[in-house]
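Participant: Structure incoming, see below.
Every number here is computed from the coordinates shown, using simple stated rules; none is lab data. Since we're looking at a predicted model, the values are computed, not measured. Ideal geometry is used to build each Cβ from the backbone, glycine not excepted, and the neighbour counts take in all protein chains shown.
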Amino acid sequence: MPKDGSVTSLDGLGKPMWLVLELTYRCPLKCVWCNNPLDYDSYASKELSTEEWKQVLREGRELGALQLGFSGGEPMLRDDLEELVAEAESLGYYTNLITSGVGLTPERLSALKQAGLKQIQLSLQSAQRTLTDQLVGARVHDLKLDTARRIKAAGFPMVLNVPVFRQNIDQVEEILALAEEIGVDYLEFANIQYYNWALLNREELLPSREQIDNAEAAVNRARARLGKRMTIYFVIPDYFETRPKACMNGWGSIHLTIAPDGAALPCQEVRVIEGLEFPTVREHSLQWLWHESPLFMKFRGDEWMKEPCRTCDEKEKDYGGCRCQAFLLTGEASNTDPACAKSPDHHIIESAILGSRKPREHKPLIMRTPGGTTVIPS
Ligand code: FES
């Protein structure tokens with residue numbers, strides 16, 4: 001990698017093509033797999049102002065960002081969302097709202113349409129009211145279905161995101177039928193990643209290999225039947241693959257996340273890695289944060305790699321996997337992601353899978369709450 005920190009690999013050509021604004025970590029839901037930090041409530045008083053977010057948008061475009069996600073927490077909790085969407089549109093971004101649907105009233109939906117929003121990704125957790133409501137800790141299942149229909153009626157491309165884990169993976173066929181009835185254009189079965197709240201609940205959330213295979217077979221049958229009417233994504237979770245995921249397409253390559261307090265991050269989970277500093281847009285330009293900050297330089301390119309990654313002929317494909325997962329599971333972020341079968345730590349993944357399969361007493365799930373003390377029966 002050149003000493004000036006420019007990115008030479010991959011298709012981003014050194015630009016943060018994907019910019020994600022985590023407008024807030026506040027959320028009305030308590031999902032047991034939430035990827036927000038465990039101490040998310042400590043950021044509520046530090047959120048960027050409307051003007052500060054607008055400055056981020058301007059600097060992001062100057063850096064070459066094109067795809068923009070408004071995320072959270074629940075971005076609908078920000079009253080200035082429509083204003084930020086309008087600003088992003090005027091700057092030429094392709095705008096995407098990532099929401100639970102809570103707070104997306106008919107009035108706000110039409111205001112967002114008017115502001116120029118291009119796409120909405122709505123989350124749904126199951127095909128059954130009781131299960132959805134239990135998993136997210138609120139009565140929102142019916143509201144989500146209504147919202148899905150209104151999004152479609154408003155003329156947005158309908159993207160339905162379904163986080164997948166042991167409790168709902170056997171419902172793939174029912175969810176497919178529901179999505180077909182709503183007229184979903186893109187259905188994403190997102191096998192969850194095990195960070196933060198999901199890692200706390202991993203033993204209970206990990207599906208079995210058999211469940212994954214059955215779900216994938218159902219998806220393939222639906223793909224054959226529906227053809228181009230609905231695009232269905234289903235990615236096998238990295239715990240069940242022998243090679244790691246190419247996390248973020250490589251650290252500091254094309255992804256740039258701005259956290260609610262303005263910290264510029266190479267991924268949404270990176271605060272789990274101890275010993276790093278997280279400078280914000282309040283102190284530095286986005287240009288500096290992306291090109292020069294020690295955080296983005298830390299694992300950019302391949303000079304940081306140890307064996308077996310360093311000499312691996314697949315390193316250009318997977319970049320050694322996920323730095324956050326490597327840290328969480330091995331205590332050292334520069335280690336090979338243990339999801340890789342070549343990693344000397346791969347046994348950690350194997351025993352997690354084994355542990356979740358053993359006949360045992362199920363533990364209650366820990367819900368996302370300050371202190372994480374609310375539990376529901378598993
Ligand atoms: Fe942080 Fe993978 S989630 S590098």
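Participant: Which is farthest toward the positive dipole end of the chain among 248, 86, 231, measuring Cα position about the Cα centre, with Cβ charges +1 (Lys, Arg) and -1 (Asp, Glu)?
Facilitator: 231
Participant: Compute the distance from the alpha-carbon center of the range 206-263 to that of the range 277-310, in whole Å.
Facilitator: Centre-to-centre (Cα) distance: 26 Å.
Participant: Here's something else I'd like to know. Give the Cα extents of the chain along the principal axes, in whole Å, largest first.
Facilitator: Extents along the principal axes, in whole Å: 53, 51, 44.
Participant: Once amide H atoms are placed 1.01 Å from N in the peptide plane, what residues at a sequence separation of 5 or more from residue 191, or on another chain, have their amide H within under 5 Å of its amide H?
Facilitator: 164, 235
Participant: Then there is this: Quick one: net charge of residue 257's neighbours, Cβ under 11 Å, K/R +1, D/E -1?
Facilitator: After counting each charged neighbour, the total is -1.
Participant: Can you tally the net charge around residue 49? Count Lys and Arg as +1, Asp and Glu as -1, for every other residue whose Cβ sits under 14 Å from the Cβ of residue 49.
Facilitator: So the surrounding residues net to -4.
Participant: Now a separate question. Grab the DSSP H runs of the chain that are 4 residues or longer, score each as -39,500 (n - 2.57), total them, divide by all residues and round the 222 nm result to the nearest 500 deg cm²/dmol.
Facilitator: Using -39500 (n - 2.57) per qualifying helix, the result is -9500 deg cm²/dmol.
Participant: Here's a follow-up. Kindly put 27, 324 in sequence by how many other C-beta atoms sit within 10 Å of each C-beta, fewest to most.
Facilitator: Exposure proxy ranking, most exposed first: 27, 324.
Participant: Full-extension gain between residue 79 and residue 242, please, as 0.36 nm times their residue separation minus the C-alpha to C-alpha distance.
Facilitator: Between residue 79 and residue 242, full extension yields an extra 54.2 nm.
Participant: If I build a Gaussian network model for the chain, linking alpha-carbon pairs within less than 10 angstrom, which residue out of 216, 51, 82 has the largest mean-square fluctuation?
Facilitator: Result for the chain, Cα springs under 10 Å: 51 fluctuates most.
Participant: Assuming R0 = 30 Å, what is the FRET efficiency of residue 105 and residue 50, from their Cβ-Cβ distance, to the nearest 0.05?
Facilitator: In this case the efficiency is close to 0.90.
Participant: Also, quick follow-up: List residues of the range 305-332, by number, whose backbone nitrogen lies under 13 Å from a label position 7 Å along Cα→C-beta of residue 358.
Facilitator: Answer for this model: none.
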